[in-house]
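Student: First, the structure itself, so that you have it in front of you.
Taken together, the values in this text are just the output of simple stated rules run on the coordinates, not laboratory data. Keep in mind the model is a prediction, meaning the values are calculated, not measured. Here the Cβ positions follow ideal geometry from the backbone for every residue, glycine too, while neighbour counts run over all protein chains shown.
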């Protein structure tokens, strides 16, 4: 296995990790901004106010994006396992 192949595998794994984390992180970001705007408008300065909406939003995002995330992970794993014989030469 050449160093270029190792770097390609690492790059592919990192890009897959970013793709998988994106729906949940973007949901948390959007809900956090909306709660922040609400807190600024109403002048409610409660730190724990954003926890439950973020939790519910991320649970909904996980339910909606779960099949896609699972498919991406399984496709990457299958491709990685199928590539093992080529890596040994």
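Student: Sort the following peptides by mean Cβ neighbour count (other Cβ atoms within 10 Å, averaged over residues), highest first: 5-12, 41-48. List each step's numbers first, then the result.
Tutor: Numbers: 5-12: 11.4, 41-48: 7.9.
Descending mean neighbour count gives 5-12, 41-48.
Student: For the chain, with a Gaussian network of springs between Cα atoms less than 10 Å apart, report the residue from 28, 61, 13 with the top mean-square fluctuation.
Tutor: Highest fluctuation of the listed residues: 13.
Student: Additional query: Hey, of (1) 13.6; (2) 15.8; (3) 13.3, which did the structure itself give for Kirkwood radius over Cα pairs in Å when calculated?
Tutor: The value matching this structure is (2).
Student: Please report the spacing between the Cα centers of segment 56-89 and segment 1-20 in Å, no decimals.
Tutor: Centre-to-centre (Cα) distance: 14 Å.
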